[in-house]
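Data block below; observations after.
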Amino acid sequence: GRLFNVSVLHLSLFNYICYMKYTMFVKYILSTFLAFSFFASLSQELKTSSTPKIFFNCQQARCYEDFLIVELTYFDIVRDQQEADVQIFITDQTNASGGRVYQVNFIGQHAFDKQDQLVEFATKNDDTVDIQRNKILKNIKRGLYQYVLASNLGTDVVIDYPKIKPIITDANSQIDKWNNWIFGVGADGRFEGESNRKSIRTDGFFRGGRTTDESKFSFNTYFNQRANSVIVDSVENKVVVNSYGFNTLYVKSFSKNWSIGGLGRVQ
């Protein structure tokens, strides 16, 4: 009986030791897995929270690469395109107005794989070098915005819109004291002369009109005089020619696309 009890005790102790070893093994495997997952997650977080590496390829365009490198110091600019998170491929061509049309292709790699986009813009013929390179810089910044957001760095981005001053109109300034009437008056003259001849020209006019959504009325009156004189054998011969006239136009609108009118002239 004592031998049996000892055998049972020994067997129970053996089972307990095996159970403890199994439990410790499971805990070790579980701890290792959790640690691996933690460091993998931390590594991914650190990877996506760092500034994207960019590579410029603008051998086929006038892109002012040195200027862009100086202005985009926020990003890690690399010389190896395989190392870059974003490749920026720039091309351009002359447009009909003498300016240049730019195409900026953003090609995502690594964490940004398949996150590609295209930005197009144009410069004018009379744009200075400074205006051209700042247009390129502005559009590259616009294209890089999505990659900065995907890197959990959105708090570093500042968005600014131009402020437009509200147009304040004075109700009194909308009242036309002339009731849409417009008038004009003008005159000019010219004199030429020699010892035995002279020529005098005078011109004058007065015109006006009124245009509204319902009708249009205009008139023009003028007076011209030409006086020429020549002295022959101590006798002055003088010729004076006067011309004057009056023109008027009236048009009445009776629908959105149709109107009727008439023109009068007196000379």
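At a temperature of 25 °C and a viscosity of 0.890 mPa s, determine how fast segment 119-230 diffuses translationally according to Stokes-Einstein, using the Kirkwood radius over alpha-carbon pairs as Rh; express D in µm²/s, rounded to the nearest whole number. Could you put the intermediate results ahead of the total?
Numbers: Rh = 22.4 Å.
The diffusion coefficient I find is 109 µm²/s.
In what order do Y161, Y145, Y64 fall by count of nearby beta-carbon atoms within 10 Å, going from fewest to most?
Values: Y161 5, Y145 13, Y64 18.
Ascending number of Cβ neighbours within 10 Å: Y161, Y145, Y64.
When the convex hull of the C-alpha atoms of segment 50-209 is computed, what volume per residue in Å³ does it have? Numbers along the way, then the final one.
Working: hull volume 44.7 nm³, N = 160.
With only Cα atoms used, segment 50-209 gives 280 Å³ per residue.
Which value, to two decimals, describes the C-alpha radius of gyration of segment 80-169 once divided by 2.2 N^0.38 Å?
Values: Rg = 16.5 Å, N = 90, 2.2 N^0.38 = 12.2 Å.
The reported ratio for this selection is 1.36.
Based on the Cα gyration tensor of segment 204-267, what are the three equivalent ellipsoid semi-axes, each the root of five times an eigenvalue, rounded to whole Å and given largest first? Don't skip to the answer; put the middle values down first.
Numbers: eigenvalues 389, 18, 6 Å².
So the equivalent ellipsoid measures 44, 9, 5 Å along its semi-axes.
Just want the ordering: E65, E83, E71, from fewest to most Cβ atoms lying within 10 Å of their own Cβ. Mind dumping the intermediate values first?
On the way: E65 18, E83 12, E71 15.
Least crowded to most crowded, the residues run E83, E71, E65.
Label A111 and R201 with points 7 Å out from Cα along Cα→Cβ: what is the distance between them in nm?
Between A111 and R201, the simple spin-label model gives 8.1 nm.
Per residue of segment 70-78, in order, report the coupling 6.51 cos²θ - 1.76 cosθ + 1.60 (Karplus, θ = phi - 60°) as ³J(HN,Hα) in whole Hz, putting x for Gly and Pro.
5, 7, 9, 5, 5, 9, 8, 8, 10
May I ask you to list the residues of segment 232-267 whose amide nitrogen lies under 19 Å from a point 7 Å from Cα along the Cα→beta-carbon direction of V185?
Output list for this probe position: 244-247.
Readers should treat all values here as calculations from the given coordinates under stated rules, not as data from a laboratory. This is a predicted model, so every value here is computed, not measured. Positions of Cβ are backbone-derived with ideal geometry, glycine not excepted, and every protein chain shown enters the neighbour counts.
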